[in-house]
Amino acid sequence: MAVFVALGAFLMTLAGGWTAQRVTDRRHLVLGLAGGLMLGVVGLDLLPEALHAAGDEVFGVPAALLLFVAGFLLAHLVERLLAARQAAHGGGEHSHRVPEVGLTAAAAMVGHSAMDGVAIGAAFQVGGGMGTAVALAVVAHDFADGFNTYTITSLYGNARRRALVMLWADAAAPVLGAASTTFVTIPEGLLGGYLGLFGGALLYLAAAEILPEAHHEHPARSTLLCTVAGVGFIWLVVGLAG
């Protein structure tokens with residue numbers, strides 16, 4: 001049952017990526033929406049789940065929040081190191097976006113989608129009602145995952161073929177994650193820590209890369225509205241799943 005439900009996540013992820021491809025003539029709107037979706041996923045979905053799952057404190061601060069900050073700093077460090085490496089090999093100022101950063105971010109999205117599949121499988125082990133609730137949440141927000149995976153990969157200068165490869169990997173990940181729950185169970189604390197780390201990295205990409213790029217050439221109200229709509233969509237998904 002969990003694998004069957006994960007197939008729905010597979011289709012929704014592809015639908016999100018397909019949508020991102022079809023609106024390339026409105027790139028600033030796509031990026032504005034992607035930034036809002038990412039902000040909503042981090043603030044309204046990932047971080048609350050991380051705080052719930054990884055409840056331990058380290059020197060007075062929840063472990064999930066420490067990992068959240070660590071994820072943000074790690075994403076910044078990786079981007080700076082890759083940019084410095086490109087500059088050392090003759091990369092110009094006009095090509096400051098490093099394709100490897102996009103691939104790394106997309107790979108993190110794939111890993112997150114695999115954990116979504118694990119969450120579906122684990123929830124069905126608890127009970128049918130729990131499994132259905134988690135499955136609805138995952139399937140609904142996997143549209144945003146597919147949208148963001150294709151957008152992030154393309155934004156950093158990767159060819160369309162690479163973006164499609166990452167999109168298909170992101171779509172397949174929930175199915176593989178759900179199937180893996182028949183063999184292994186991930187401790188709740190470890191899962192919470194991962195969500196915190198991933199949330200910090202995702203927030204960095206949204207705040208430091210996606211949204212500034214969206215408003216760089218088109219500082220329009222429509223772009224801002226798309227960002228707000230992205231956050232609102234995730235809020236709706238979280239509310240309906242609750």
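Throughout, read-outs are computed from the coordinates displayed, never taken from laboratory work. The model shown is predicted, which means the values in this text are computed figures rather than measured ones. Using ideal geometry, Cβ is built from the backbone for each residue, glycine included, and neighbour counts are taken over all protein chains shown.
Relative to the present Cα-Cα distance, how much length would full extension add between H52 and T182 at 0.36 nm per residue of separation?
Result: 44.4 nm gained on full extension.
Could you sort the peptides 59-70, 34-45 by per-residue average Cβ neighbour count (10 Å cutoff), highest mean leading? Mind showing how you got there, number by number?
On the way: 59-70: 16.6, 34-45: 24.9.
In descending order of packing, they fall as 34-45, 59-70.
Which whole number of Å³ per residue matches the convex hull of the alpha-carbon atoms in segment 22-68?
Convex hull of Cα atoms, per residue: 76 Å³.
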